[in-house]
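Heads up, the thing below is written out as structure tokens.
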Amino acid sequence: PGNDTAYHFLAFFLLILPSAALAPRRLVWTIPAVIAFGGAIELIQPFVGRDRELSDFITDCAGILCGTLIGLAARYGFRALRH
């Protein structure tokens with residue numbers, strides 16, 4: 001129960017955030033892998049009694065984008081404070 005869109009956003013935000021903050025060089029393959037994961041989830045859902053929704057996939061991508069940007073900002077913000 002609750003807001004499915006918020007859950008999608010939060011899940012993918014939290015999935016990418018550690019990579020962005022701790023290993024930004026790996027984002028070149030992490031971001032496409034996480035996007036593919038979100039797409040695969042949507043493709044599989046009809047086989048388990050749920051609906052496939054483009055809006056969920058778009059929300060996943062928005063979470064990935066925000067998680068990446070905030071993770072990178074945190075990484076470089078903390079680096080700037082150290083120096």
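Worth a mention:
- The one condition in (1) closer than 18 Å to TYR7 by Cα; (2) surrounded by fewer than 10 Cβ atoms within 10 Å (Cβ to Cβ) that ALA80 fails to fulfil: (1)
- Matching residues in the range 44-58 - criterion: being free of Cβ contacts under 8 Å to residues at least 40 places away in the same chain and under 17 Å from ASP4 (Cβ atoms): ILE44, GLN45, PRO46, VAL48, GLY49, ARG50, ASP51, ARG52, GLU53, LEU54, PHE57, ILE58
- Selection status of LEU69, farther than 20 Å from ASN3 by Cα and either open to solvent by 40 Å² or more (accessible area, probe 1.4 Å) or among the hydrophobic types (A, V, I, L, M, F, W, C) (or both): yes
- Restricting attention to the range 1-26, the residues that are within 19 Å of ILE58 (Cα to Cα) and in contact (Cβ under 8 Å) with a residue 24 or more places away in the chain total 12.
The values are calculated or read from the model by the stated rules, or taken from the named source; none is laboratory data. Since the structure is predicted, the reported quantities are computational estimates derived from the model, not experimental observations. All Cβ positions, even for glycine, are placed from backbone atoms using ideal geometry, and neighbour counts span all protein chains on display. Just so you know, the surface numbers come from the protein's heavy atoms only, side chains and all, with ligands and any DNA or RNA stripped out. Shrake-Rupley method; radii C 1.70, N 1.55, O 1.52, S 1.80 Å.
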